[in-house]
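One structure below.
The values are calculated or read from the model by the stated rules, or taken from the named source; none is laboratory data. Predicted model, so just to flag it, every value in this text is computed and none were measured. Note that we place each Cβ from the backbone using ideal geometry, even for glycine, and neighbour counts take in every protein chain shown. Protein only, heavy atoms only, side chains kept; ligands, DNA and RNA dropped before computing areas. Shrake-Rupley method; radii C 1.70, N 1.55, O 1.52, S 1.80 Å.
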Amino acid sequence: MPTILGQNQYGKAENRVVKITRDGDTHHIKDVNVSVALSGDLEEVHLSGSNANCLPTDTTKNTCFAFAKEYGIESIEQYGIHLARHFVDSQPSIHRARIRLEEYAWERIAGSDANSKFIGADEVKHSFVRKGQEIRLAQITYSAEGDGGPKFEVLSGLKDLTVMNSTNSEFWGYIKDKYTTLQEDYDRILATSLSTWWRHNWTSDDERMPNWERSYEQAKKHILQAFVETYSLSLQQTLYQMGSRVINNRSEIDEIRFSAPNKHHFRQDLSPFGLDNEAKDGAVYYAADRPYGLIEATILRDGVDARIPVDMTNL
């Protein structure tokens, strides 16, 4: 039976690039995990083994490090745009480049006032501790195909941002059948570990480019503020409010998708010990890591088509 070649891509995955920028005695860190995937006129490398159109994956790795030195890493979005444009524009056989990036944040460790001078400086500006919150994400896709010329798609996002409201959350009025055992709850803990991607409407160099660092910080701020300020009757309602807050306040973002696993906290039954355990009195809970409810949703600007793949946030 004859076969044909379907979708294919190749590249170097998970290049760990750490760039130190020195501003006098003050140092800045960009710690990035970058993966490159290239596609284009690559039929012969599969069908006959000819490598004439194949840029080695080792070259893509080297380019990631060289670009970090040549251009710096102002933001992972900007870094990814530089890389994607380079791979497509410099290689006739490569028509599309997808750059996926993770950024691991660090914050400064301050020395004590009394002992900072033992290293010969009044203030320590080069010591860091890894932040324990979210991992920042970006995916840059650049394609030379299409009547409109080269186009970018820029997705930003985050994962592993764990948040909790210890009250102002309820869950009741749901469907009940013979298999339902869950009790209605009018004062519960709502906790989740957010994974989210959002899509920018910037697509070409002809348009004004967003300030990627500010855009990320503001999107995260609106997500967290909506989580705080929503009196939640369901996690679905909270996700919609978070997404709507981002879309309504950030004109450069047209679409956002969430995946939110419930971090369940159940009130422990202390009645065998003669103890009440009501939320209003300050309850004791047990945290259940699995199984967990998994709530997902996409929120769009009116009139915009959904383009963020569902499986990008499906855990």
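In table form, for the structure just shown:
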{"read-out": "Using a Förster distance of 35 Å, the FRET efficiency for residue 171-residue 273 (Cβ separation, nearest 0.05)", "value": "0.85"}
{"read-out": "Selection of GluC sites (Glu not before Pro), the stretch 161-244, meeting DSSP coil and at most 13 other Cβ within 10 Å", "value": "184, 207"}
{"read-out": "Carbon and sulfur %, accessible surface of the stretch 184-273 computed with the full protein complex present, 1.4 Å", "value": "45 percent"}
{"read-out": "Relative contact order [Cα under 8 Å, 6+ residues apart], the chain, whole percent", "value": "12 percent"}
{"read-out": "Virtual paramagnetic centre 7 Å along Cα→Cβ of residue 240, amide N under 16 Å, in the stretch 293-314", "value": "295-302"}
{"read-out": "Per residue accessible area in Å² of the chain, where ligands, DNA and RNA are left out and the probe is 1.4 Å", "value": "57 Å²"}
{"read-out": "Percent carbon-and-sulfur accessible area, the stretch 1-99, ignoring ligands, DNA and RNA, probe 1.4 Å", "value": "49 percent"}
{"read-out": "Helical mean residue ellipticity (222 nm; -39500 (n - 2.57) per DSSP H run of 4+; nearest 500) of the chain", "value": "-7000 deg cm²/dmol"}
{"read-out": "Sequence of 266, 273 when ordered by accessible area, the most exposed leading, probe 1.4 angstrom", "value": "273, 266"}
{"read-out": "All Cα pairs of the chain, percent lying beyond 35 Å", "value": "37 percent"}
{"read-out": "Of 69/131; 221/280; 12/221; 125/220; 19/61; 176/280, pairs whose Cα-Cα distance is over 22 Å", "value": "69/131; 221/280; 12/221; 125/220; 176/280"}
{"read-out": "Rounded to whole Hz, the Karplus (6.51, -1.76, 1.60) HN-Hα couplings of the stretch 155-162, x for glycine and proline", "value": "10, 10, x, 7, 9, 6, 8, 8"}
{"read-out": "Positive-end extreme of charge dipole, the chain - chosen from 132, 161, 5 (charges on Cβ)", "value": "132"}
{"read-out": "Crossing angle, helix 57-71 versus the chain [Cα axis fit, 0-90 degrees, rounded to tens]", "value": "80 degrees"}
